[in-house]
Amino acid sequence: MTTRWARRTATAAVVACGLLVAGCGGADEQATIDWTNGLCGSYATFREAALVGPAPATDPEGQARSLATYLGDTASALDTSLADLDGLGASPVEGGDQAVTKFRDQLTRYRDAFRQAHTQVQGLDLDSRTLPRDMEGAVAPVLALQDTDQDPLAGLDSAVTNAAAKAPACQDLSRLSGG
């Protein structure tokens, strides 16, 4: 009888430990989803600024000024996005550190391209007869971004992508990038 009681107690203890671990897993899963949502959310400020586009203008000089403002504002938004990413904290998920590195690298590339284009547009001669063509050349660094991998979620560890599938900011990011 004592052996049977000991087995039942041991079985109950194993089941209880399993439930406790599963309960902790649920909390860990939510923490992972929340963290991953913050990861994808780091793109929000940039995305909002980039989608605005330059204000319309009818003359080339106004277009150049508007374009310079847009590029500068978007570069500043990218600074904010990078700060948001830096404030994310330690990754609670396998592959999270690699995801942060990938996001940081991509956002930094974008910021550098927008800054470079901003500087080039600001340096244009507004009285030049070739101003429209000069603007096209000045934004080449930003246009080149279209040729790079646009989906920051592509190729990440499955633990990150599984959490991303449940994170609202990642779903928004996937819709934006066509993923």
Next on the checklist: Would you confirm, using the coordinates I've provided, whether Asp157 is surrounded by 13 or more Cβ atoms within 10 Å (Cβ to Cβ) and in contact (Cβ under 8 Å) with a residue 60 or more places away in the chain?
Outcome noted: yes
Checklist outcome for this item: Over region 80-119, the set of residues in contact (Cβ under 8 Å) with a residue 24 or more places away in the chain and farther than 22 Å from Ala50 by Cβ is Gly89, Ser91, Pro92, Val93, Glu94, Gly95, Gly96, Gln98
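Table: residues versus (1) part of a helix (DSSP H, G or I); (2) β-branched (Val, Ile, Thr).
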{"site": "Ala90", "(1), (2)": "no, no"}
{"site": "Glu94", "(1), (2)": "no, no"}
{"site": "Thr108", "(1), (2)": "yes, yes"}
{"site": "Arg111", "(1), (2)": "yes, no"}
{"site": "Arg115", "(1), (2)": "yes, no"}
{"site": "Gln120", "(1), (2)": "yes, no"}
{"site": "Glu136", "(1), (2)": "yes, no"}
{"site": "Ala163", "(1), (2)": "yes, no"}
{"site": "Gln171", "(1), (2)": "yes, no"}
Next on the checklist: Checking the condition basic (Lys, Arg), modelled with pLDDT under 90 and open to solvent by 30 Å² or more (accessible area, probe 1.4 Å), which residue from Arg115, Arg175, Arg109 passes?
Outcome noted: Arg175
Next on the checklist: Considering only residues that are in contact with a helix residue (DSSP H, G or I) (Cβ under 7 Å, 6 or more places away or on another chain) and among the β-branched types (Val, Ile, Thr), which ones fall in region 53-79?
Outcome noted: Thr74
Checklist entry - Out of curiosity, is Gln122 closer than 22 Å to Thr32 by Cα, in contact (Cβ under 8 Å) with a residue 40 or more places away in the chain and open to solvent by 70 Å² or more (accessible area, probe 1.4 Å)? => result no
Item to check | Top-ranked residue of region 54-79 - restricted to ones that are touching a residue at least 12 places away in the same chain (Cβ under 8 Å) and among the polar types (S, T, N, Q), ranked as least open to solvent (accessible area, probe 1.4 Å) | outcome: Thr74
Checklist entry - When you look at Leu82, is it touching a helix residue (DSSP H, G or I) at 6+ places or on another chain (Cβ under 8 Å), crowded, with 16+ Cβ neighbours inside 10 Å and not in a helix (DSSP H, G or I), yes or no? => result no
Item to check | Every residue from region 138-154 that is hydrophobic (A, V, I, L, M, F, W, C), within 28 Å of Ala99 (Cα to Cα), open to solvent by less than 40 Å² (accessible area, probe 1.4 Å) and outside any loop (DSSP other than H, G, I, E, B) | outcome: Val142, Leu145
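The values are calculated or read from the model by the stated rules, or taken from the named source; none is laboratory data. Bear in mind that the values here come from a model prediction, so they are computed numbers and not experimental data. Please note: Cβ atoms are built from the backbone with ideal geometry, for glycine as well, and neighbour counts cover all protein chains shown. These accessible areas exclude ligands, DNA and RNA; they are computed on the full protein's heavy atoms, side chains included. Shrake-Rupley method; radii C 1.70, N 1.55, O 1.52, S 1.80 Å.
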